[in-house]
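Please treat every number below as a calculation from the coordinates, not as lab data. Note that the structure is a prediction, hence the values are computed from the model and not measured. Glycine also receives a Cβ, built like all others from the backbone with ideal geometry; neighbour counts cover every protein chain displayed.
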Amino acid sequence: MQFFVDTADIDEIRSLAETGLLDGVTTNPSLVAKTGRPFRDIVADICAVVDGPVSAEVTATQADAMIEEGRSLATIADNVTVKVPLTMDGLRACRTLSMEGTMVNVTLCFSANQALLAAKAGATYISPFIGRLDDIGLDGMELIAEIRAIYDNYGYETELLAASIRTVNHVKDCAIAGADVATIPPKIIRQLVSHPLTDKGLDAFLADWQKTGQSIL
Ligand code: G3P
């Protein structure tokens, strides 16, 4: 499973890119607003740090305007993935931009039927939102499993990009369900590495090593 980070914070992205664990980045208008920086600068900075796909979302709501914005965003760098919302206009824009060779991430997906439409529109990625479904008492992970089954039934190449991930268990369950990509907030990526027994075990190894009085080099 590929790991994208879900943030527009360039310092976080730089630091995670250094770990070698990062395969791409997703942003959205809310994450961009949090930075207080100009959108195009943010996208250019991220694309300079990360080789993988970097999702940048259009803000127009009519297909023609989305296509124009998408074409403009795609000129920023080769790895820009244009993000469009899962509306009829978004699907039309997805079809056009995909046919022009631009990667498209269809976002705000909350049902398997929506994901089926995105695949038919030629989306590179579909972004089902797990956490926001859980928030209203539904089962976000069930949606991931449904989309996996539908895409496998028909051999759709659209990649299943699990979004709105809130917990480390979401990450594990996405991997079990066969998501191609998980886009994860920086805090959760850092939590994935931690285990109290790892810390405890390492402390014990180092204490015992100390007693030997040896050094490796
Ligand atoms: O980037 C889209 C998605 O990951 C947003 O997550 O936590 O705002 O529902 P969240």
Checklist entry - Ala175: net charge of surrounding residues, Cβ under 15 Å, Lys/Arg +1, Asp/Glu -1, itself excluded? => result -2
Checklist entry - Using a cut-off of 26 Å between alpha-carbon atoms, which lysines can reach Lys34, once sequence neighbours fewer than 8 places away in the same chain are excluded? => result Lys83, Lys187
Checklist entry - Once the other residues with Cβ under 14 Å from the Cβ of Gly122 are scored (Lys, Arg +1; Asp, Glu -1), what is the net sum? => result 0
Item to check | Positive-end extreme of charge dipole, the range 2-192 - chosen from Asn153, Ala175, Gly131 (charges on Cβ) | outcome: Gly131
Checklist outcome for this item: Here, GluC sites (Glu not before Pro) of the range 1-91 satisfying both criteria (DSSP loop; at most 13 other Cβ within 10 Å) are Glu18
Checklist entry - Whole-Hz Karplus ³J(HN,Hα) for the range 52-58, in order, using 6.51 cos²θ - 1.76 cosθ + 1.60 and θ = phi - 60°, x for Gly and Pro? => result x, x, 10, 7, 10, 8, 6
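Over the range 1-65, what is the mean sequence separation of C-alpha contacts under 8 Å (at least six apart), divided by residue count, expressed as relative contact order in percent? Numbers along the way, then the final one.
Details: 77 pairs, mean separation 23.5, N = 65.
Over the range 1-65, the number comes to 36 percent.
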Checklist entry - In a Debye calculation with equal point scatterers on the alpha-carbon sites of the range 115-157 and no solvent, what is log10 I(q)/I(0) at q = 0.34 Å⁻¹? => result -1.15
Checklist outcome for this item: If each K or R counts +1 and each D or E counts -1, the residues other than Asn105 whose Cβ falls under 11 Å of its Cβ total -1
Next on the checklist: Restricting to Cα pairs below 8 Å that are 6+ residues apart, what does the relative contact order work out to for the chain? Please round to a whole percent.
Outcome noted: 17
Next on the checklist: I'd like the distance separating the alpha-carbon centroids of the range 1-76 and the range 166-188, in whole Å.
Outcome noted: 19
Item to check | Intensity falloff of the range 1-112 expressed as log10 I(q)/I(0), Debye formula with alpha-carbon point scatterers, at q = 0.09, 0.12, 0.24 Å⁻¹ | outcome: -0.22, -0.38, -1.36
Item to check | Residue of Thr107, Thr183, Thr167 that the Gaussian network model of the chain assigns the largest fluctuation, springs spanning Cα pairs under 10 Å | outcome: Thr167
Checklist outcome for this item: With +1 at each Lys and Arg Cβ and -1 at each Asp and Glu Cβ, the charge dipole magnitude of the range 2-192 around its Cα centre, to the nearest 20 debye, comes out at 200
Checklist entry - What is the spin-label model distance, in nm, from Phe205 to Ser111 if the labels are put 7 Å beyond Cα along the C-beta direction? => result 5.1
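Can you divide the C-alpha Rg of the chain by 2.2 N^0.38 Å and report the result to two decimal places? Walk me through the intermediate numbers first.
Numbers: Rg = 19.5 Å, N = 217, 2.2 N^0.38 = 17.0 Å.
Scaled against compact globular proteins, the figure is 1.15.
Calculate the FRET efficiency for Ser194 and Met99 from the Cβ-Cβ distance with a Förster distance of 45 Å, rounded to the nearest 0.05. All intermediate terms of the calculation are to be shown ahead of the outcome.
On the way: r = 44 Å, r/R0 = 0.98.
Step by step, r from the Cβ atoms, then E = 0.55.
Once the Cα gyration tensor of the range 44-101 is found, what semi-axes does its equivalent ellipsoid get, as square roots of 5 times the eigenvalues, in whole Å, sorted largest first? Walk me through the numbers before you get to the answer.
Details: eigenvalues 85, 21, 17 Å².
They are 21, 10, 9 Å, listed from largest to smallest.
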